[in-house]
Structures are given as C-alpha cells and as structure tokens.
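A short worksheet on the structure shown next.
The values are calculated or read from the model by the stated rules, or taken from the named source; none is laboratory data. Remember, it's a predicted structure, so these values are computed and weren't measured experimentally. Cβ atoms come from the backbone with ideal geometry, glycine included; neighbour counts cover every protein chain shown.
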Amino acid sequence: MRAGSKKYAKFLNEIKLRIISGELKEGDFIPSENKISQHYGLSRPTVRKAIAELAMEGLIQTIPGKGSVILKTLHLELNVILLNLFWYLPSNEFPVIQMIVERFNKEHRHIQIRLITFTHSITPSIYASYRNINLHEQTPDLISLTNRFLHELNSEQMESILTPLTDLDMGTKEEVYRFLWKSNMKNEALFAVPITFSPVMLVFNKEIFDRAGLDYPNNCWTWSDFLDAASKLTERESESNAQYGFAFSPSFYRWPLFFLQEGGCFVQDDLAFPPLKEGNAGIQFILDLIYKHKVTPFLFRNSALSEQLFQRGKVGMIMSTYYFSESFMKNSFEWGICKFPGGTLDKSLAISTNVGISRECRHVDEARYFLEYLISEPIQAFIKANSTTIPALQQIAESTEFPPDAFSASSGSGYYSFMDTLHDVQVVNDLGLTYKQVADLSHALEMVWCRTDSFDQVWEHLNKIWIQPQLRR
C-alpha cells in the first residue's frame, strides 16, 4: 500500500485526531504495527513510514522493543473544528442527545459539536429549503434522520444531500442490529448510521387492568386475547364520557403492522400496490375494532392523540414505541410494554433514529469520528441508561449488565420485551413505498377509516395510479 493512499491518510488523520483531541494522552502507546496493518489494510513498510511521519511531527516517539508512545502536545496549535449537528424536533430523545454532545465537547478539545434544532419546515427533503432561510454559517455537517426524512430523501436525491459513508471504519459495525442498516442505504451505498430504534409495541395501563381484574398482556398474546381484553376494558358511563380498551393510531408508522401480520405486501417486484392477495383481514380487524366491537375511538387524522389519551388514563392499551415512553414519565400510573399481539403471521414493525453527514460538510473525517463515537459501546450504554429508547448496538441493548435506568424510573416495566420482536422485524422504510406513495396511501385510507370506500377499492385505485403506467412503458 503506497504512502499516498486513502487508507494511509485515514490512519494518519485518525491518530492525529485522537492525540490532539486528548483521547490519546501523553505516555499512551499507539497500537502495534501489526494491529495497525490489519485494521487499516496497510502493509508493514507503509505503517512504519506513517509512524515515522508522526514522529517527525513530534507527536510520538518510537521506543525499541516497546512501541510508539505519545509525547506532550502542549506545543501544538489548537485549531478547533466546529461541526453543526442538525437535530429534528419534536424528538423524545433530544435530552439525551444534548447530554451526549455536552460529554463529547468536554472530552474533545479539537472537535466541538454545535447542536441546532430544526422542524419539518426545514427538512432535508428539500434541503434547498434550509438555504432559503438566513442561517448564515449554520449549514449542516451532521443531520439526524427520522424515518420520515429517510422516506423523503429516498424520493429525492439522497446523494445530493448526504455524503456516502464509504470505508466507514467502526469496530462495532457488525454488532449493530443488521435489520437497521437497510433503510440507510441506497443503490448499495450507506448514507447514515443507526443510533437507536424501537419496534411498535403494545403499551398498557396497569391500573386499568387491575381495576378490571385482568391479567396483564404478555408476549404470547394473539389478536383474540387482545380483543377480549379491549372489550372488557371498555366502559361507557355516558355518550360524552367513556373509557376505551384500545386507541388505534392512523399513523403509517403504526397501522401497517396489522396489514403485515395478515400477509400484506406493499411492494412486489419493485412495483408498489401489487394486486391485493392478502392483508385485507388486517384492515378489516381494524374496522371491526372501531365499528363492530367499539373498543377504540375513531381518531381519524390525529396520529398522536392515542398517546395523549393514554397519558390521561382514558384508554387501557395503545400501539406505541419506546421513543414515546419518554413522555410517559409524567404519568401518575404504572404502565407496561410488551410485544404487539401476533395475527396469522408473527411480524413486527420498527422505527429508528439515524445520523448522516451532509454534502455541505467540509470536515468529513471529523464528522465520521463523531459517528463512530455515537455508535461506540460507552455512548450506546449511556443512551440506554439515560433515555427510554433502545440502543442500536445489540450487545448493549440486550445485556442486563447495562440497566435501562431512565425506563425503569418512568414507572414502566417490560423493557426487554423488544427482544421477542426481533425474529421477524422490518424498519418501516423497508416496506418499499416512496414518500409520495405513503402520502397517497394515507390520504386514501381516510375514506376507509370513515367507511366511505372499501380497502379493496382504495388499493385498486392506487394500483392504477402507480402500477399501470409503469407496466405500459
């Protein structure tokens, strides 16, 4: 490997960052020549040349028989690199991100992260839109990517907004849950790193179950068990005062679970809305919950209302995620969480939070370093302890050695129930629909929820819009 190669430059830059940032301190030894060679894919002679270059710059000293040791760096001029991390609001995990950024800035002198919040009006979907407001120097270096943004970016030109993470070197990459990577890729290129995730779960109010004399839900529940409990928990004192057993959410990041559990498929052979074969039973089950059994209110467009009703103690169960359980910390009652009951198929749906590097970023190596920091074991353990979300790093998420302190403090129970969803789980972006297709489907389903159109009619209409023109080409 020649000295002028990208791998050679990558090694030098990373070692310098670790020295200047203070991560490697005076007296510390850098990895051995053999480890450097294996880790970076460099030949031994190239490694020796790189070490000699570091020694000439006064950063290290090679001691025969021992290795290369870090020297004092007080004489180095400290050029601080400032990176803007754009974080989307509202975000239930924003408090823990603030703590992580504060911790990073204290630990690193050479790189500082500035946290900038933004809302949907400045989304990366149209990332031209942030250029239209007067942000001056506050252009993004790093961007938080919700599932909605990932939908938008895949519909737009992801490559024009995010930097491909080629040769991203993370020792823990293989330890991140594999299913989280797919939604961050386009044309086999990786554009973002998953930080946290959550399956769609069943969240329940323990006090309401106790009053009804019912056993709490568990991970073995079926739709039949779920409906039975929802019926027994529903109480109507009057036309204007009711307690419901369940609150259905019309959000695309919730209801598709019913469709999937009955074998539904949104995309087949790269064509959206293929001829409807299965899944209709899942939609009918939703309609029966609303109109036949009357165990859930009709919430129509307000996808957040189910969580609000739950917080007020008006419903016994909701479909929600670990992200939203952060807001349950103010509840006056104890609650639990478990795998959502299985239908004909025992499938699960998940959402995730990811971070990518903007095309605008002028310090890509430093931005990559921060991504590696986010996915490192100490920070993933910090996330688990200080938020209610699930770390992307499997060994941290599943290990009882790293307790979910914040989750437990919120009067919640059942944290490790998510592990029962992992045998067949998809991130919502992997369902295959584009942002426009999701919007068209959500709009059309309003007629289904109102019972003015059947699901078959809506699906056939979407089939004609999206498939028939492609087949005629």
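Things to note:
- Within region 18-32, considering residues that are surrounded by fewer than 19 Cβ atoms within 10 Å (Cβ to Cβ) and outside any loop (DSSP other than H, G, I, E, B), the one modelled with the highest pLDDT: F29
- Residue that is surrounded by the fewest Cβ atoms within 10 Å (Cβ to Cβ), among those in region 330-349 that are at pLDDT 90 or above and among the hydrophobic types (A, V, I, L, M, F, W, C): L345
- Residue that is under 39 Å from the mean Cα position of the chain (by Cα), surrounded by 13 or more Cβ atoms within 10 Å (Cβ to Cβ), aliphatic (A, V, I, L, M) and not assigned by TED's automatic domain parsing to the domain that holds A367, where the choices are I36, I100, I60: I36
- Scanning region 420-432 for residues that are of a type in the set (S, T, N, Q) and within 26 Å of N205 (Cα to Cα) turns up at least one hit.
- Single condition K294 does not satisfy, out of (1) within 30 Å of K464 (Cβ to Cβ); (2) surrounded by fewer than 19 Cβ atoms within 10 Å (Cβ to Cβ); (3) in contact with a Phe, Trp or Tyr (Cβ under 9 Å, 6 or more places away or on another chain): (1)
- Of all residues in region 238-273 being farther than 26 Å from F209 by Cβ and aromatic (F, W, Y), the one that is nearest to the chain's Cα centre (by Cα): F252
- Taking (1) surrounded by 16 or more Cβ atoms within 10 Å (Cβ to Cβ); (2) closer than 24 Å to A444 by Cα in turn, S327 satisfies each apart from (2).
- Of the listed requirements (1) within 27 Å of C265 (Cα to Cα); (2) within 22 Å of the chain's Cα centre (by Cα); (3) not hydrophobic (A, V, I, L, M, F, W, C), E326 misses just one: (1).
- Filter result (surrounded by 19 or more Cβ atoms within 10 Å (Cβ to Cβ) and in a helix (DSSP H, G or I)) within region 228-237: A229, A230, L233
- Residue match in region 258-268 (condition: closer than 28 Å to I467 by Cα and among the small types (G, A, S)): yes
- All conditions in (1) under 15 Å from W449 (Cβ atoms); (2) modelled with pLDDT of 95 or more hold for F300, with the sole exception of (2).
- Residue within region 411-433 that is modelled with pLDDT of 90 or more, among the aromatic types (F, W, Y) and assigned by TED's automatic domain parsing to the domain that holds N218 present: no
- Options L85, L42; residue that is surrounded by 12 or more Cβ atoms within 10 Å (Cβ to Cβ), in contact with a helix residue (DSSP H, G or I) (Cβ under 9 Å, 6 or more places away or on another chain), under 30 Å from A192 (Cβ atoms) and not assigned by TED's automatic domain parsing to the domain that holds V193: L42
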